[in-house]
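Notes follow the structure.
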Amino acid sequence: MASLTCLRPTHPHLHRGSVLLAISNRCFNHSSLLNWILSVNPPRTAPPRAMAKPCSSPAQDLVASPGDFEFVLPLKIVEYPDPRLRARNKRIVAFDDSLKKLVHEMFDVMYKTDGIGLSAPQLGINVQLMVFNPVGEHGEGEEIVLVNPRVSQYSKKLTLFNEGCLSFPGINADVKV
């Protein structure tokens, strides 16, 4: 007697492109189910890789206005999949007290959440600004502020680091940098 499997999506995050949703109203015997899944999702020959998009030139950047620096305390970490994390960030042209206040608050949030780096978009503020301290402790190490950062050159040497991100809580991974 042939065994039959009927699949029904039970996970709340299944979406239209999901294999389980696509086969949820079909019944298969076990071997045809495996063949069908492999035809829809052929096995990968290489592990998945993250790819970064080339950055835009400064001339193409939108410019931050004074309103982009308005925020309500306490600042809170924005977590994935919040769309602000993928939004285009504006170039900073005014180096004034509002920027200084934001930088101060960013360091405060970073230290309170045990981070070593934090970007403004991680707080829902879409400007090109990042703060970090490699030691991660207030009063220790060097506090560094990056405004409108651009990668101008890089080393071909790769080093393996275990990385985490405050916007992806509880997730750490080995990253080659």
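With respect to the stated conditions, Val109 is in a helix (DSSP H, G or I) and β-branched (Val, Ile, Thr). Please count how many residues of the stretch 123-158 are under 20 Å from Ala94 (Cα atoms) and in a strand (DSSP E or B). Within the stretch 123-158, residues that are under 20 Å from Ala94 (Cα atoms) and in a strand (DSSP E or B) number 8. Of the candidates Leu129, Leu118, Leu146, Leu166, the single residue that is touching a residue at least 60 places away in the same chain (Cβ under 8 Å) and either in the same structural domain as Arg91 (by TED's automatic domain parsing) or in contact with a strand residue (DSSP E or B) (Cβ under 8 Å, 6 or more places away or on another chain) (or both) is Leu166. The residues of the stretch 118-177 that are surrounded by fewer than 13 Cβ atoms within 10 Å (Cβ to Cβ), within 16 Å of the chain's Cα centre (by Cα) and closer than 30 Å to Gly67 by Cβ amount to a single one, Pro169. Out of the stretch 72-107, which residues are crowded, with 16+ Cβ neighbours inside 10 Å and under 13 Å from Leu123 (Cβ atoms)? Of everything in the stretch 72-107, those that are crowded, with 16+ Cβ neighbours inside 10 Å and under 13 Å from Leu123 (Cβ atoms) turn out to be Leu75, Ile77, Val78, Leu85, Asn89, Leu102, Val103, Glu105, Met106, Phe107.
The values are calculated or read from the model by the stated rules, or taken from the named source; none is laboratory data. What you see is a predicted model; the values in this text were computed from it and never measured. Neighbour counts run over all protein chains shown; Cβ positions are idealised from the backbone, glycine included.
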